[in-house]
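Visitor: Below is a structure I'd like to ask you about.
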Amino acid sequence: MSSNIPSDTHFSDEATPQDSVKDLVPKSGFGLHDEVWSEKQWFELIRTLVGYGIGTWQEFAALILGHLNPSQTGTSLASSEGFKRRYGKGNTMRIVMEWAYSQTGQCGDCGSRLELQADHIKGKAQFEDQLDADYIENMTLLCRRCNVIRRTSHKLGGQTYLTAESALMWILFVIKPRTLVDYCRLCRIYGMTMSDIRMQEAWAMAHWLSRNDPPLFGIEDDSKTHYDLIQWSSGSITRADVGTTLPNGAVRVYERVPGDHCLTFVAMGNDRRKKLYSYPMHWIALSTYDLGDLPPYALAIRYTPPDRKKGKPQRITLHAPANMTLLSHKLVAPDEKLVFQRADDLLGRERVEAPPSTNKGVLLSKSFQNLDFTLEIETVRTP
């Protein structure tokens, strides 16, 4: 994940996941696959949101009616310089409205009647003079979602049913992520490629609902919570509630870890180089969500945004120590520091303080690459 995601504050008047209403929306069992939801499940979602006072039937109906209105589908074309140049100012609106009235009122790609927009069949980029793209036979009606995903900047669009703004809330209500970091990871797995700030803004809803009476959401309070650390067959490490039953292949690495501790470890990749990693507890993914056919460690990922200039898509890779050799690991408390100790130095006389590290890992110096050592903990002495 991006290192720009801020740590999320848990305010004293907010509920935790253990305090919140458990059945905010009906359980789906489909994880992040909204495209396979049935009509009944969508109905139950809206009914439940109304039941908990998040919105009224009148408000939801008003939103639908507003999106049925084909606002500016005609005027957006008539005001175009290309249309005015081709048809003349006095004729453009008449020609455009005749075209609009002759349509079926449905998206040409998916059939939706909501949020319809006029779009070019043959894109402007295919014309030497982009204004030449503006002629009535080159226009079609598309819903906003289908219009957006046709753009070259949204090559990964269309992989899911919902638009980004809708999916941000759907993930919040259905999956109920317990932390902002996990929320951002879920959005990336869903297929979103926009800036992290969009997810941070949407996360405000989690804070608001956690203050509702009864609380409809819960935000993790790491400072008052303990966790078990779990390592999976992939090598990925996640955190879970204390005493969580583990499936076959998973190992409990640490038990009852305070939320203010940090997991540090040295791991070696296929290149045989050793790296030192440091994971604050709030940054370690939780493996407590119903993610359908995805593995429990699915959120232990790193996201690399798409490179538009080079035409490279987004990349999602597993966090270390997945697919690596885990050499040594320790938990570090706020008043402790990490040191390296030679494996043959049984008395600990030649300890060296470990260099600063991050969740991205730090490549160890050449002197430590060929040295057999362990990680140890020392208490920080204050003057």
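Laboratory data are not the source of any read-out in this text; all were calculated from the coordinates shown. Owing to the predicted nature of the structure, the values given are computational and were not obtained by experimental measurement. Here Cβ is always computed from backbone atoms with ideal geometry, including for glycine, and neighbour counts include all displayed protein chains.
Visitor: Add -39500 (n - 2.57) for each DSSP H run of 4 or more in the chain, then divide by its residues: what number comes out at 222 nm, to the nearest 500 deg cm²/dmol?
Guide: Computed ellipticity for the chain at 222 nm equals -7000 deg cm²/dmol.
Visitor: Now a separate question. When a/c is below 1.5 the answer is rounded, else prolate if a/b is larger than b/c, else oblate, so apply that to the stretch 75-154 with a ≥ b ≥ c taken from the square roots of the Cα gyration tensor eigenvalues.
Guide: Numbers: a/c = 2.44, a/b = 1.23, b/c = 1.98.
Oblate shape, in that a/c is at least 1.5 and b/c is the bigger or equal ratio.
Visitor: Right, another one. Which value, in debye to the nearest 20, gives the size of the charge dipole of the stretch 222-379 about its Cα centre, when Lys and Arg are +1 and Asp and Glu are -1 at the Cβ?
Guide: So the magnitude is around 940 debye.
Visitor: What dipole magnitude, in Debye to the nearest 20, does the chain give about its Cα centre under +1 on Lys/Arg Cβ and -1 on Asp/Glu Cβ?
Guide: For this selection, approximately 1280 debye.
Visitor: Let me ask something else about it. Report the one residue of PHE368, HIS226, ILE237 whose Cα lies farthest in the direction of the positive end of the charge dipole of the stretch 222-379 (charges on C-beta: Lys and Arg +1, Asp and Glu -1; origin at the Cα centre).
Guide: Final value for the positive-end residue is PHE368.
Visitor: Could you give the angle, 0 to 90 degrees to the nearest 10, between helix 180-190's Cα long axis and the longest principal axis of the Cα atoms of the chain?
Guide: 50
Visitor: Rounded to the nearest 10 degrees, what's the angle between the helix 164-174 long axis and the longest principal axis of the chain, both from Cα atoms, 0 to 90?
Guide: Roughly 50 degrees, rounded to the nearest 10.
Visitor: Based on the Cα gyration tensor of the chain, what are the three equivalent ellipsoid semi-axes, each the root of five times an eigenvalue, rounded to whole Å and given largest first?
Guide: 50, 27, 17
Visitor: Over the stretch 28-109, with a single point scatterer placed on each C-alpha, what log10 of the ratio I(q)/I(0) does the Debye formula yield at q = 0.11, 0.16 1/Å?
Guide: Evaluating at q = 0.11, 0.16 Å⁻¹ gives log10 I(q)/I(0) of -0.56, -0.79.
Visitor: Another one. Specify the angular offset, from 0 to 90 degrees and rounded to the nearest 10, of the alpha carbon long axis of helix 39-51 from the longest principal axis of the alpha carbons in the chain.
Guide: Between the helix axis and the principal axis of the chain, the angle is about 80 degrees.
Visitor: Of ALA62, SER287, ASN147, which is farthest towards the positive pole of the chain's charge dipole, taken about the Cα centre with +1 and -1 on the beta-carbons of Lys, Arg and Asp, Glu respectively?
Guide: ASN147
Visitor: What Rg and what Dmax come out for the stretch 222-379 when only alpha-carbon atoms are used, in angstroms?
Guide: 16.8, 55
Visitor: Right, next: In what sequence, highest mean first, do 230-239, 76-85 appear when ranked by Cβ atoms within 10 angstrom?
Guide: Details: 230-239: 21.2, 76-85: 16.9.
Result, highest mean Cβ count within 10 Å first: 230-239, 76-85.
Visitor: Between ILE197 and GLU98, take the C-beta separation as r, use R0 = 41 Å, and let me know the FRET efficiency to the nearest 0.05.
Guide: Plugging the Cβ-Cβ distance into 1/(1 + (r/R0)^6) gives 0.45.
Visitor: Could you tally the net charge around LYS360, taking each other residue with its Cβ under 13 Å from the Cβ of LYS360, Lys/Arg +1 and Asp/Glu -1?
Guide: Net charge in that neighbourhood comes out at +2.
Visitor: So who's got an amide H within less than 5 Å of the one on MET139, skipping anything under 5 residues away but keeping other chains? H placed 1.01 Å off N, in plane.
Guide: The list, which skips near neighbours in sequence, is ILE121.
Visitor: Could I ask something else about it? Starting from 0.36 nm per residue, how many nanometres of slack lie between SER233 and SER12 once their C-alpha separation is accounted for?
Guide: 75.8 nm
Visitor: Rounded to whole Hz and in sequence order, give me ³J(HN,Hα) for the stretch 262-270 from the Karplus expression 6.51 cos²θ - 1.76 cosθ + 1.60, θ = phi - 60°, writing x for Gly and Pro.
Guide: Working through the residues one at a time gives 10, 8, 10, 7, 10, 9, 10, x, 5 Hz.
Visitor: Output the peptides 244-250, 177-183 sorted from most to least packed, where packing is the average of other Cβ atoms within 10 Å over each peptide's residues.
Guide: 177-183, 244-250
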